[in-house]
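Worksheet: the structure to be examined is printed underneath.
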Amino acid sequence: MRYRDILDAIGDTPLVGMPRMSPKPGVRLWAKLEGQNPSGSVKDRIAKRMIEAAEDSGALTPDRIILEPTSGNTGISLAMVARRKGYRLTVVIPDNASSERISLLELFGAEIVYSPGEKGTNGSIEVARALARDDRYYMPFQYGNPANPLAHYEGTGAEIVRDLPEVTHFVAGLGTGGTLTGVGRRLHEHNPDVKVVAAEPELGELVYGLRSLDEGFIPPIFDESVLDRRFLVSSSDSLRATRELTEKEGIFAGISSGAVVHAARRIAQELDKGDIVCLLADGGWKYLSTEAWAPEIERAEKGVSETLWW
């Protein structure tokens, strides 16, 4: 395939079968490989859409600095888009983000402001909102920007309908809620019987890139009515499924993908037949420094925690 530039290469990611991960022969599991996007995650889709929408509206001009709170992937995607379009970018990120994420942000030229790691992305949002009082900044704010779910409605969801019209279930991690909202709306239009499922961390469990609604902050763009089910997942289940995904299917995905696959396998056990699409938000490259793929004995010897490894 041929593209005019790197931004045109965003989207149209592969849908790949995972036969060894399904607990039943009549239930097929499919991986939507969002790590195939140019900067390595599903967030490329919303970064491009949010910036182009801001340009079209006049909210973003060359003299303003893009500002965004992020756990990593959205910041990296915005940094790639900003570098390609010639904008400056400041990201607010928890100070316990993986070294790979920080290195990529620096490589793309982003200015980094750190927020307290123990506060997660909620802490990043607080810091970014304070900075945004300065008119120099334009904050797309992925948690409240309608371009976020629209990117998935017109892109991710439409691709799934095109590639797997017989889809019966869609499972994605609960972060900003944009993916679940946008894809869920598109799939329900295609077939009202399609079940849309959120993989959500148990309260107090840390699964990088995901958030619990019980933490108190509900992203404004999230439309909970599109959900047919919320499936709670622990950090250890997520990590275990991520490693198994690599071992059984040769798919090297990020940790939130493990939460999605774990939820999908539990759902598959309840079915006799079906086609379950799992959105794997990113690849595993940004997590290598965490020792997440090391054998359990080796991780224990190094003191790598199942819940605090990032």
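The values are calculated or read from the model by the stated rules, or taken from the named source; none is laboratory data. Owing to the predicted nature of the structure, the values given are computational and were not obtained by experimental measurement. Virtual Cβ from ideal backbone geometry, glycine too; neighbours counted across all protein chains shown.
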* Structure fact -> Condition set outside any helix (DSSP H, G or I) and either among the small types (G, A, S) or touching a Cys at 6+ places or on another chain (Cβ under 9 Å) (or both), scope the stretch 230-267, selection nearest to G209 (Cα to Cα): answer is G254
* Asked: Among (1) under 21 Å from I46 (Cα atoms); (2) touching a residue at least 40 places away in the same chain (Cβ under 8 Å); (3) outside any helix (DSSP H, G or I), which single condition is V167 missing?
  -> (1)
* Asked: So is T61 surrounded by fewer than 21 Cβ atoms within 10 Å (Cβ to Cβ) and among the hydroxyl-bearing types (S, T, Y) or not?
  -> yes
* List the number of the failed condition for L89; all other conditions in (1) touching a residue at least 60 places away in the same chain (Cβ under 8 Å); (2) outside any helix (DSSP H, G or I) hold. => (1)
* Boolean, S99 is under 25 Å from Q36 (Cβ atoms), modelled with pLDDT under 95, surrounded by fewer than 15 Cβ atoms within 10 Å (Cβ to Cβ) and not assigned by TED's automatic domain parsing to the domain that holds G209 -> yes
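Going by the conditions given, is I66 buried (at least 24 other Cβ atoms within 10 Å of the Cβ) and at pLDDT 95 or above?
Numbers: buried (at least 24 other Cβ atoms within 10 Å of the Cβ): yes; at pLDDT 95 or above: yes.
The answer is yes for I66.
So in the stretch 102-132, with the set limited to residues that are assigned to a helix (DSSP H, G or I) and among the acidic types (D, E), which one is modelled with the lowest pLDDT? Break it down into steps so the answer makes sense when it comes.
Kept after step one, since they are assigned to a helix (DSSP H, G or I), are these residues of the stretch 102-132: 102-107, 117-131.
Checking the rest, the ones that are also among the acidic types (D, E) come to 106, 118, 126.
Details: E106: 96, E118: 85, E126: 95.
Once the filter is applied, the top-ranked residue is E118.
Whether any residue in the stretch 184-199 is assigned to a helix (DSSP H, G or I), among the small types (G, A, S) and either surrounded by fewer than 19 Cβ atoms within 10 Å (Cβ to Cβ) or touching a residue at least 40 places away in the same chain (Cβ under 8 Å) (or both) is what I want to check. Before the answer, list the steps.
We begin by selecting, within the stretch 184-199, every residue assigned to a helix (DSSP H, G or I); these are 184-190.
From the residues that got through so far, the ones that are among the small types (G, A, S) too are 184.
Then keep just the ones that are either surrounded by fewer than 19 Cβ atoms within 10 Å (Cβ to Cβ) or touching a residue at least 40 places away in the same chain (Cβ under 8 Å) (or both); that gives 184.
Within the stretch 184-199, one or more residues are assigned to a helix (DSSP H, G or I), among the small types (G, A, S) and either surrounded by fewer than 19 Cβ atoms within 10 Å (Cβ to Cβ) or touching a residue at least 40 places away in the same chain (Cβ under 8 Å) (or both).
Restricting to the stretch 247-270, name every residue that is more than 17 Å from the chain's Cα centre (by Cα), farther than 17 Å from A198 by Cβ and buried (at least 16 other Cβ atoms within 10 Å of the Cβ).
Residues of the stretch 247-270 more than 17 Å from the chain's Cα centre (by Cα): 247-250, 265-270.
Checking which are farther than 17 Å from A198 by Cβ leaves us with 247-250, 269.
Of everything in the stretch 247-270, just one residue is more than 17 Å from the chain's Cα centre (by Cα), farther than 17 Å from A198 by Cβ and buried (at least 16 other Cβ atoms within 10 Å of the Cβ), namely E249.
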* Using the structure shown, decide if T168 is touching an Asp or Glu at 6+ places or on another chain (Cβ under 7 Å), under 15 Å from D223 (Cα atoms) and either assigned by TED's automatic domain parsing to the domain that holds V261 or at pLDDT below 95 (or both). => no
